[in-house]
Amino acid sequence: MRSCSFLRCSAASQLGFLSLSVSSACQAQSLVVCKHQLAIVQTHHPSSRAMALALLLALASLVQFAATRRMQREEEVDCSQKLPAPENFQLTPSSYDGLDGVGVYWQTAVPLQDCEKYFMYFKKYDRFVALQRMQALNRVQVYNICAAEATQYGDVAFCQAEKEGPVWDSMQKFVSTKVEECKSTLCSLARTGEWKAGMFKYKQDRAKKTPWRRELPGHESLGFEEAFNVKCGLYRVQVPKSFAEVVPTFQDFADKYGFISPKGTFNKTACGCPSEDECD
């Protein structure tokens, strides 16, 4: 038993219950030791037999879980049939106290049923990774999560992402869509005057015929570059350094559509308005 000192099978006779915890390193040996102690518990506490049997089955399941997880390692996978994850989903670390101690899972809120459809940028490695459905063990409870990595098991699937390859093409299409959405967002703000803060509509009506400056420091209203950073999903799109040219900077974006007038204000004619500063 000393070789598996972290295996604890203890009975509290005065309360009549059994508690278990196990590390997968013991595997079969753990089960033998625990079976022996379970037999002792069952002898002294016949009413505990059903609970002890259920716990033993759970123990076997958890050992198998850990053994399976240990076999997985870092790998490169084909992401050509996957899509970029929506830009509003981010990877966040969560700690789980599992069979091998505390581990970290980098998970996302992408729905489980959609998890394996997507890849996303992982800043830790500056690479794209395929999202995976994983089982995170917390004590004796298993959680199904959508994640990019389980640190204690080395589980991470890097996308094969070379320039001009399938992932590059997917990102270009994704970014093109976000660029068009951003153009529509800024034009809507310009035409409606809703870049101007205020409860009363007359303020927005005035703003439609007011020059829209690039920045409005100290105001609740938004300059048009600030609106790009706050209202557009494009600025949240993250890619590895090797893919940097796929995502346009604000200046590139503004130049593409002629959004900056010679005097530096927003050029409302690019959105169909009759003059640089006024919309009907």
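The values are calculated or read from the model by the stated rules, or taken from the named source; none is laboratory data. Please read all numbers here as calculations on a predicted model, not as lab measurements. Heads up, the Cβs are rebuilt from the backbone with ideal geometry, glycines too, and the neighbour counts pull from every protein chain shown.
Values for this structure:
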| quantity | calculated |
| --- | --- |
| Top-ranked residue of segment 97-113 - restricted to ones that are surrounded by 14 or more Cβ atoms within 10 Å (Cβ to Cβ) and out of contact with any Lys or Arg (no Cβ under 9 Å at 6 or more places or on another chain), ranked as modelled with the lowest pLDDT | Gly103 |
| Residues satisfying the stated conditions in segment 125-134, i.e. within 18 Å of Ala109 (Cα to Cα) and surrounded by 14 or more Cβ atoms within 10 Å (Cβ to Cβ) | Phe128, Val129, Ala130, Leu131, Gln132, Met134 |
| The listed residue being closer than 26 Å to Glu164 by Cβ and of a type in the set (A, V, I, L, M, F, W, C), out of Phe253, Phe266 | Phe253 |
| Matching residues, segment 238-275, being in contact with a strand residue (DSSP E or B) (Cβ under 8 Å, 6 or more places away or on another chain) and part of a loop (DSSP other than H, G, I, E, B) | Gln238, Val239, Pro240, Phe259, Asn267 |
| Among the residues listed as Val129, Val167, the single one being part of a strand (DSSP E or B), at pLDDT 95 or above, within 22 Å of Lys241 (Cβ to Cβ) and β-branched (Val, Ile, Thr) | Val129 |
| In segment 206-237, the residues that are out of contact with any Gly (no Cβ under 6 Å at 6 or more places or on another chain) and not in a loop (DSSP other than H, G, I, E, B) | Arg206, Phe224, Glu225, Glu226, Ala227, Phe228, Asn229, Val230, Lys231, Leu234, Tyr235, Arg236 |
| When residues of segment 57-79 are limited to those that are surrounded by 14 or more Cβ atoms within 10 Å (Cβ to Cβ) and assigned to a loop (DSSP other than H, G, I, E, B), the one modelled with the highest pLDDT | Cys79 |
| Within segment 151-180, tally of residues that are under 26 Å from Pro274 (Cα atoms) and exposed (fewer than 13 other Cβ atoms within 10 Å of the Cβ) | 1 |
| Lys124, sole failed condition from (1) outside any loop (DSSP other than H, G, I, E, B); (2) among the charged types (D, E, K, R); (3) under 26 Å from Ala244 (Cβ atoms) | (1) |
| Matching option when the condition is surrounded by fewer than 17 Cβ atoms within 10 Å (Cβ to Cβ), within 30 Å of Leu91 (Cα to Cα) and within 38 Å of the chain's Cα centre (by Cα), among Glu226, Glu245, Glu215 | Glu245 |
